[in-house]
Amino acid sequence: MNTQNNTVVKLAETALLAALCYVSFTFLQIKIPVPGGDATSIHIGNAFCVLAALLLGGVYGGLAGAIGMGIADIMDPIYITGAPKTFVLKFCIGLIVGLVAHKVAKINESTDKKYVFKWSVIASIAGLAFNVIADPIVGYFYKQYILGQPQELAQALAKMSAAATFINAVVSVILVAIIYNAVRPVLIKSHLITVTNNKNQVA
């Protein structure tokens, strides 16, 4: 496959996974109202952000998560003001997952299922652990200093967001471990993932 065709395929896959991020967040969430007319939610959108990074790499996967979840925020009157924060954080999740999975562990150079499972889980945890820490902190400063919300309200939302984000992270790691390791063999057989066995792997 030449470079141009490969780029077109990557962009198409990015669009597909962005759509999955959008749908999973928009239609499969439990919204939790908070004082001031805001909300946080329990959802599985982050699972598809991570899945995108495992399948496509950090940059394309990060873009899929950022675009899909960003549009989901824009389409929701409660979350619309948080769309810029969402775009940045989801892109960062993708970059971190892609860095660990593809630059450190090089999972696309392995045919060892146990090795790939272990590092897909480690990469998922790395990206989502970042989000558990960054989301409430960035959210607090974003809402107080960018949106001008009162400090007490921003603090209350940050605390609720931290709890919801942690739950989302745990659920997402489990989902990603199951989905990615189930679909990977199919994608390899379909030549959508190219694997070259490398014996010099990170232990």
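Principal-axis analysis of the Cα atoms of the chain puts helix 58-74 at an angle of about 30° to the longest axis.
Relative to the longest principal axis of the Cα atoms of the chain, the long axis of helix 151-189 makes an angle of roughly 20 degrees.
Using a probe radius of 1.4 angstrom, the carbon and sulfur fraction of the accessible surface of the chain is 71%. Computed from label points 7 Å out along Cα-Cβ, the spacing between A134 and L16 is 2.7 nm. K103 contributes an accessible area of around 140 Å² to the protein surface, as traced by a 1.4 Å probe with all chains present. Kindly express, to the nearest 10 degrees and within the range 0 to 90, the angle between helix 3-27's C-alpha long axis and the longest C-alpha principal axis of the chain. Approximately 40 degrees, to the nearest ten. Placing pseudo-labels 7 Å out from each Cα toward the beta carbon at N6 and V170 gives an inter-label distance of 4.1 nm. The calculated P(r) of segment 110-203, using every Cα pair and 5 Å bins from 0, goes 2, 12, 17, 15, 13, 10, 9, 8, 7, 5, 2, 0 in percent. The count of lysine pairs in the chain that are at least 8 places apart or cross chains, and whose C-alpha atoms lie under 14 Å apart, stands at 7. First check a/c for segment 1-93, with a ≥ b ≥ c the square roots of the eigenvalues of its C-alpha gyration tensor; if it is under 1.5, answer rounded, and if not, answer prolate when a/b is larger than b/c or oblate otherwise. Prolate.
Rolled with a 1.4 Å probe across the full set of protein chains, the surface gives L99 an accessible area near 100 Å². A simple rule links phi to the HN-Hα coupling: the Karplus curve 6.51 cos²θ - 1.76 cosθ + 1.60 with θ = phi - 60°, which for segment 79-90 gives 9, 4, 6, x, 4, x, 5, 4, 4, 5, 5, 5 Hz, with x for Gly and Pro. Each Cα pair under 8 Å and six or more residues apart adds its separation to the average, and for the chain the resulting relative contact order is 22 percent.
The values are calculated or read from the model by the stated rules, or taken from the named source; none is laboratory data. All values reported here derive from a predicted model rather than from experimental measurement. Note: ideal-geometry Cβ built from the backbone for every residue, glycine included; neighbour counts use all protein chains shown. Remember, those area values only see protein heavy atoms, side chains included, never the ligands or the DNA or RNA. Shrake-Rupley method; radii C 1.70, N 1.55, O 1.52, S 1.80 Å.
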